[in-house]
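Throughout, read-outs are computed from the coordinates displayed, never taken from laboratory work. Note that the coordinates shown come from a computational prediction; the quantities given were computed from them, not determined experimentally. Heads up, the Cβs are rebuilt from the backbone with ideal geometry, glycines too, and the neighbour counts pull from every protein chain shown.
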Protein chains: 2
Amino acid sequence: MTDRRSGLLEAADRVVQREGPDASMNLIAAEAGITKPILYRHFGDKGGLYRALAARHIDELLGRLRSALVTRGGLAARTRATVDAYLAAIESQPQVYRFLMHRAAVEDPGVRGDVDSFVRRFGDELAAGIRSEPALGNIDPLRATVWAHGIAGLVQATGDWWLDHPEVPREAVVAELSELLIAGFNLS
Amino acid sequence: MTDRRSGLLEAADRVVQREGPDASMNLIAAEAGITKPILYRHFGDKGGLYRALAARHIDELLGRLRSALVTRGGLAARTRATVDAYLAAIESQPQVYRFLMHRAAVEDPGVRGDVDSFVRRFGDELAAGIRSEPALGNIDPLRATVWAHGIAGLVQATGDWWLDHPEVPREAVVAELSELLIAGFNLS
DNA sequence: CCCATGATGTTACCGTCGGTAACATATTGT
DNA sequence: ACAATATGTTACCGACGGTAACATCATGGG
């Protein structure tokens with residue numbers, strides 16, 4: 001652990017992975033070997049901790065998605081890579097994903113603009129990707145935006161469903177979604 | 001108010017719409033002119049109240065979607081009608097929609113199978129619609145399921161985005177999404 | 001050398017929330 | 001008339017988020 005804050009965040013991470021939604025400030029503090037007030041000194045309030053926690057995962061996940069978005073081999077390959085990157089990420093850390101998606105964003109009613117809803121940021125990222133997609137030419141900006149946020153939700157919702165149906169192999173889910181999207185893109 | 005339960009639910013509804021996420025059992029009880037234990041006698045726990053609350057709205061919304069799913073005029077018309085029905089519904093009652101989507105399902109960690117997350121049930125409904133869609137023939141059941149939950153999320157996420165961009169006309173959003181989906185369906 | 005400063009740590013407490021126990025009062029069907 | 005059922009209350013519990021008050025320890029400038 002480099003600095004203090006990082007150490008605390010790693011402890012919080014461990015608790016969230018182990019306890020799921022039952023993570024409390026007391027538990028997190030205990031995991032870090034300290035008590036509550038120190039946590040509050042570092043993160044202000046629970047929302048602050050959650051935002052800090054969310055920020056690192058979101059940044060990492062968005063990084064992977066950004067890489068996938070520039071995969072070489074054409075639109076179809078890029079589509080598959082991006083969908084797969086998303087599902088692989090939530091497969092590797094389902095608890096963290098659940099936390100980010102279904103807890104953190106809701107838990108903190110105040111500062112919505114700080115760490116915005118994750119799908120939203122994924123959508124923005126996607127919109128940029130779609131607008132600069134060579135195979136789609138000069139796509140209408142509104143269309144790009146609407147599609148992007150829609151597709152972000154599509155992948156996310158499928159991910160949610162898939163979390164409860166682990167018997168379905170990831171490749172199958174990726175294939176079905178990608179085929180739908182690729183065929184859809186072809187309308188242009 | 002017909003029976004007791006309905007009266008309590010209407011009070012709860014008022015509080016949820018007025019107070020948003022700050023609705024507490026005490027507040028709801030006060031709004032109904034009673035105290036907490038009566039609420040608990042009727043709904044068991046907070047999750048029970050939320051489920052009951054969600055159920056009425058979900059049933060109404062799903063009813064509209066079901067109607068849209070059997071619109072006459074071919075797959076394209078059905079797709080447009082369904083997307084439009086969803087967006088029209090969330091346009092007419094955004095607070096209720098937010099409650100259903102982002103609060104009710106998350107709030108109750110236990111009984112997930114009772115009143116499932118709304119997108120989830122929309123997804124199930126859609127899956128049935130897709131499987132029995134004449135234009136899609138004998139579609140692979142897994143594909144139908146994956147598509148359905150994905151499309152449910154697609155419409156939902158776009159709806160979320162659209163709530164913050166009311167300057168975009170509904171018809172435009174519906175058109176963009178529908179075109180993507182219809183083209184996607186054509187791969188079969 | 002001393003001591004001010006800032007970070008680290010603790011215990012003990014507060015208000016609120018979800019939830020329950022215990023008890024009292026109508027209403028109603030047989 | 002009476003048992004059962006629904007309605008209502010007050011008072012409490014444990015857990016949680018959050019804070020106040022106080023103690024400890026390193027460090028670096030006069």
Quick one: if you stick a label point 7 Å off each Cα along the C-beta vector at B:ARG56 and A:LEU142, how many nm between them? 3.7 nm
Helix B:75-92: angle to the longest alpha-carbon principal axis of chain B, degrees 0 to 90, nearest 10? 30 degrees
Using a 7 Å Cα-to-Cβ projection, B:ARG4 label spacings across copies, nm, ascending: 5.5
Once the label point is placed 7 Å from Cα along Cβ, list for A:PRO141 the distances to the corresponding points in the other copies, in nm, shortest first. 4.7
Quick check: the angle from helix B:46-69's long axis to the longest principal axis of chain B, C-alpha only, nearest 10 degrees? 30 degrees
How do the peptides A:55-64, A:138-147 rank, highest first, by the average count of neighbouring beta carbon atoms within 10 Å per residue? A:138-147, A:55-64
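Using just the helices of chain A, give the 222 nm mean residue ellipticity in deg cm²/dmol: DSSP H runs with n ≥ 4 each add -39,500 (n - 2.57), and the total is spread over all residues, rounded to 500. Spell out each step's value before the answer.
Working: 9 runs with 131 residues, N = 188.
For chain A, the value works out to -22500 deg cm²/dmol.
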With a ≥ b ≥ c taken as the square roots of the eigenvalues of the C-alpha gyration tensor of the protein assembly as shown, please select rounded if a/c is under 1.5 and otherwise prolate if a/b is larger than b/c or oblate if it is not? oblate
Taking the simple approach of a point 7 Å from Cα along Cα-to-Cβ for both B:SER24 and A:ALA88, what is their distance in nm? 4.7 nm
Give me the extension gain from A:ALA77 to A:ARG131: residue separation times 0.36 nm, minus the current Cα-Cα distance, reported in nm with one decimal. 17.8 nm
Here the FRET efficiency for A:ARG41 versus B:ARG5, based on Cβ atoms and R0 = 35 Å and rounded to 0.05, is 0.15
For chain B, longest principal axis from Cα atoms; helix B:4-19 axis from its Cα atoms; angle between them, nearest 10 degrees, is 80 degrees
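How shielded is A:158-165 by partner chains, expressed as the average number of their Cβ atoms within 10 Å of its Cβ atoms?
Numbers: counts 11, 3, 7, 13, 3, 0, 4, 4.
Counting other chains' Cβ atoms within 10 Å and averaging over A:158-165 gives 6.
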With the label set 7 Å along Cα→Cβ, A:LEU27 is separated from its counterparts in the other copies, in nm and shortest first, by 2.6
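Mind checking A:136-143 for the average number of partner chain beta-carbons within 10 Å of each residue's beta-carbon?
2
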For A:GLU133, what residues show an amide H to amide H distance below 5 Å, using hydrogens built from the backbone and excluding near sequence neighbours? none
